[in-house]
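Enquirer: This is the structure, below, for whatever I ask next.
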Amino acid sequence: MRKILLLLLSCSLLSTASAQPADYEWNTPSRNSSESMPCGGGDIGMNVWVEQGDILFYLSRSGSFDENNTLLKQGRFRISLTPAIDLKHFRQILHLKDGYVEVTDGFISVQLWADVQKPVVHVEIESLRDRLSVAASYENWRTSDILLTKREVFQSSYKFSAPKGLKTQHDRVVADDRGITFLHRNGETTIFDTTVKQQQLDGVKHQLTNPLKDLTFGGRMEGAGFVLIDSIEGRYGSADCKGWMYVSQRPVRRCHLQVTLASAQGTMDDWQAQLTETARKVRLTNDRRNSRRWWNRFWQRSTIESLNDSPLTPAIRNYSLFRYMLACNARGPWPTKFNGGLFTFDPEFVNVAPEYRLTPDYRNWGGGVHTAQNQRLVYWPMLKNGDYDLLLPQLDFYLNIYKNAEVRSRHYWDHEGACLTEQVENYGLPCYPEYGTKRPDGFDPGLEHNAWLEYEWDTCLEFCMMALEAHRYNGTDISRYVPMIRSCLRFFDEHYQYLAKRRGAKALDDGGKLVLYPGSGGETFKMAYNSTSTIAALRTVAQAMVDMGYDADDTVQGNDEGSSNISHSSFLISHFLRRLPDITVRDGMIAPAVHYERVQNTEPTQLYPVFPWRIYGVGRPDLDVARRTYEQDTLAVKFRSHVGWKQDAIWAACLGMTDEAVRLVRQKMGDGPHRFPAFWGPGFDWTPDHNWGGSGMIAMQEMLLQEADNKLYIFPAWPRDCDVHFRLHAARGTTVEAELRGGRVTVIRVLPKERQADIVLPDFAK
């Protein structure tokens, strides 16, 4: 402790402001959309690239779900300049600090950016020398209905169970001299209706929220001094398209194009009114200044900065690039999808097989369906980054659907609690194909008939914990999420007593504990008895609720402690905690469950008590048990990998295993296979693989900063020869800024100051 105090008293005089990220730059054009650069803000994403002298970008917006629950792009835009940008002096720059992409040759500059406050894209063109003739085209591949192929249906929620003849309905496009308007409108009947009927919920359909019915999304491209001159037929990649070309009426030194977007559920008039109102509010100079100010402040929240050329330097750079990609959906009403986010591109450049010669809308594993085990890895790193606003779309996703999940529980089993499945639709029901289209007669209509997903109901608890952690970290008001968290816990209490009573006379075992059977350890350990990952989740979330004073629902009367029956009007979380069984430790290692019948996937959920549930780890009891599990459990070793959603790098970091963490992080966060280094994948999912990047971010954060028993462990799994400066967040409104240089640790700043005494140095610095 004396050494720590001396170190703190001799804090470095370096600036306490977080380092701003360096620009990322290319000096040659691209071959195709796979060599695009991400750009965005608010809830907008663009893939920007320069090909054969033209500047192109795909435009995506969060929540643009069609009638099949495919996440559609808004279209492709093309800018042509005469004279063109001089390729000898070509530069394409992602200005991370200010959140925009610039294409320039030193005399011509084209800046593309999205307003972070409202859904508007700006293209600003300026020439310091010659006047320019500017042509701007909008290109659309959905001008007529598209019959989806056997592979293509995987972009929708129908996936492998799609009906024959499934189509993506056509867009509406209207072009005139004032600009071009494009939109997609869902009708009254969508996959929601098909799913409700399949799952025998027609009787309660009126109680269910439907986000797809009468949804309209699209926008309008316009620019002062531009006129429509032509419509063209074309093709990009393997998708035919139609384009509308606008040109500047005369050569100009400066011009501005604007794409205003709107999304509304209701009438066409509702959509048009929203589009008009958004366009009316545009103030170019102020909006540019405000958006860049937002990005500047965003980067000041946290940072990881390499201070020497070390084996982890590429990973550190890619950490910042990926964080930028996540921030492009900071204000979206829907979460960033794990399988590409807002930055997917033509699928034939991801997989060269002929079956992937499809439209740019394609992504594997659907657009509106959310795979919780993948989504969670995208959102956990936002806590230590201090990006609490980025976390809200994912928390609100569950807030918006849990009532539908409660309706399921009452309808099927006549008990309370939200039954939220692993593959959950954006309307709270199980995904159509995973529910099972060939179900045995008499099979419980509340269950998914699926070997991977059966009885997997606990993944919603990670998002409950994210809300609780946001409160613990930042004091975030989570009052609106508390009923959702309570409902998720209550489901397990009521449902497993319900199942026990159907098997026999007693609801609990002879120790007064719940019997969590049948259960599941992720998608891996199936038909599990007291799954370790489920128990760890329930214990951690329930204890956090009690610790924060959310034990009893103030609106109802609590039942007496001795009762094993839970009424429909009360639920005491402290009593539920006492009914939870213990985690099974066998042969000195954490077991996946007391028993399981088969192994279905490759996720070692026996390590979930390390992360996400933090029962074991640096500064916590029985660290040797968890390390032994990581190193010796045969399945944990067999399943080890850095690819996609694999968490081994996180577990190694949480357990203070520096060499192993470095090995895996170098593989996971090294450059991806495409030109932009943070476009990882496809892994198990798609490209860019966001749960690949998210899991890597978590691992790097844990290497730098961990918290246990109110102690702050800095560099607990970071190599002493990799010089680094970081600023990250911890509980109780704490930020820690520290530097490692030449094997010497300097604590630059800890706020609030009273937490300086909680710092624990790594062994090599003691």
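The values are calculated or read from the model by the stated rules, or taken from the named source; none is laboratory data. Everything quoted here is computed from the prediction, not taken from an experiment. Positions of Cβ are generated from backbone atoms using ideal geometry, with glycine treated the same way; all protein chains shown enter the neighbour counts. When the accessible area is computed, the model is the full protein with side chains, heavy atoms only, and any ligands, DNA or RNA have been set aside. Shrake-Rupley method; radii C 1.70, N 1.55, O 1.52, S 1.80 Å.
Enquirer: Ignoring ligands, DNA and RNA, how do L392, L261 rank by accessible area with a 1.4 Å probe, largest first?
Expert: Heavy-atom accessible area, descending, gives L392, L261.
Enquirer: Below 18 Å, Cα to Cα, which aspartates and glutamates can K638 reach? Residues fewer than 8 away in the same chain don't count.
Expert: Straight-distance partners of K638: E523, E603, D648, E660.
Enquirer: Between their Cα atoms, which of K384/K766; K164/K205; K213/K668 are more than 29 Å away from each other?
Expert: Details: K384/K766 25 Å; K164/K205 25 Å; K213/K668 40 Å.
Cα-Cα > 29 Å for K213/K668; rest within.
Enquirer: I've got another one for you. Using bins 5 angstrom wide from zero, how does P(r) for the range 272-370 break down, in % of all Cα pairs?
Expert: 2, 9, 12, 13, 16, 15, 16, 10, 5, 1, 0
Enquirer: Bins of 10 Å, beginning at zero and ending with the bin holding the largest distance: percent of Cα pairs per bin for the range 267-311, please.
Expert: 21, 23, 25, 17, 9, 5
Enquirer: Also: Give me the Kirkwood hydrodynamic radius of the range 252-329, using the inverse of the mean 1/r over all pairs of distinct Cα atoms, in Å to one decimal.
Expert: Result for the range 252-329, one decimal place: 16.4 Å.
Enquirer: Rounded to the nearest 500 deg cm²/dmol, what is the calculated helix-only ellipticity per residue at 222 nm for the chain, with -39500 (n - 2.57) per DSSP H run of length n ≥ 4?
Expert: -8500 deg cm²/dmol
Enquirer: Still on this structure, I have one more. Viscosity 1.567 mPa s, temperature 4 °C: what is the translational diffusion coefficient of the range 74-201 from Stokes-Einstein with a Kirkwood Rh over Cα pairs, rounded to a whole number of µm²/s?
Expert: Value of D from the Cα-based Kirkwood radius: 69 µm²/s.
Enquirer: Counting Lys +1, Arg +1, Asp -1, Glu -1, what net charge surrounds E139 among other residues with beta carbon under 14 Å of its beta carbon?
Expert: My count for the surroundings of E139 gives -2.
Enquirer: Nearest 20 debye, what's the magnitude of the dipole of the chain about its Cα centre given +1 on Lys and Arg Cβ and -1 on Asp and Glu Cβ?
Expert: Charge dipole, the chain, about its Cα centre: 1240 debye, nearest 20.
Enquirer: Find the all-direction average of the projected area of the Cα convex hull for the range 602-666, expressing the result in square nanometres with one decimal place.
Expert: Working: hull surface 15.7 nm².
Projected area, direction-averaged: 3.9 nm².
Enquirer: Just to confirm my numbers, what's the Cα centroid distance between the range 702-759 and the range 292-361 in Å?
Expert: 26
Enquirer: Once the dipole of the chain is set up with Lys and Arg at +1 and Asp and Glu at -1 on Cβ about the Cα centre, which of H89, I590, A451 lies farthest towards its positive end?
Expert: H89
Enquirer: Could you tell me how many cubic angstrom of Cα convex hull volume the range 665-726 has per residue?
Expert: 105
Enquirer: Could you compute Rg(Cα) / (2.2 N^0.38 Å) for the range 621-759, with N its residue count?
Expert: In units of the 2.2 N^0.38 Å rule of thumb, it is 1.13.
Enquirer: Would you mind telling me the share, in percent, of accessible area of the chain contributed by carbon and sulfur at probe 1.4 angstrom?
Expert: Roughly 48 percent of what the probe reaches on the chain is carbon or sulfur.
Enquirer: How big is the shadow of the Cα convex hull of the range 445-504, averaged over all directions, in nm²?
Expert: 5.4
Enquirer: Can you put K118, K150 in order of accessible area, largest first, using a 1.4 Å probe?
Expert: Result of the area sort, largest leading: K150, K118.
Enquirer: Right, something else. Which lysines does K118 reach when only Cα atoms under 19 Å apart count, and residues fewer than 8 places away in its own chain are ignored?
Expert: Filter leaves K73, K281.
Enquirer: Okay, next question. For the range 9-123, compute the orientation-averaged projected area of the C-alpha convex hull (one quarter of its surface), in nm².
Expert: The orientation-averaged projected area of the Cα hull of the range 9-123 comes to 11.1 nm².
Enquirer: Let me ask something else. Principal axes first, then extents: for the Cα atoms of the range 165-288, list largest minus smallest coordinate on each axis, whole Å, largest first.
Expert: 63, 38, 23
Enquirer: Using only the Cα atoms of the range 341-407, what do you get for the radius of gyration and for Dmax, in Å?
Expert: 15.8, 44
Enquirer: Please list log₁₀ I(q)/I(0) at q = 0.15, 0.20, 0.22 Å⁻¹ for the range 470-552, using the Debye equation with identical point scatterers on the alpha-carbon positions.
Expert: Listed by q, the Debye log ratios stand at -0.65, -0.98, -1.09.
Enquirer: Another question about this same structure. Per Stokes-Einstein, at 37 °C and 0.692 mPa s, what whole-number D in µm² s⁻¹ belongs to the chain, with the Kirkwood radius over Cα pairs as the hydrodynamic radius?
Expert: Calculated translational D: 120 µm²/s.
Enquirer: Counting Lys +1, Arg +1, Asp -1, Glu -1, what net charge surrounds R178 among other residues with beta carbon under 14 Å of its beta carbon?
Expert: Residues near R178 contribute -2 overall.
Enquirer: Let me ask another. Counting residues in the range 179-223 as N, plug N into 2.2 N^0.38 Å and put the Cα Rg over that result.
Expert: 1.63
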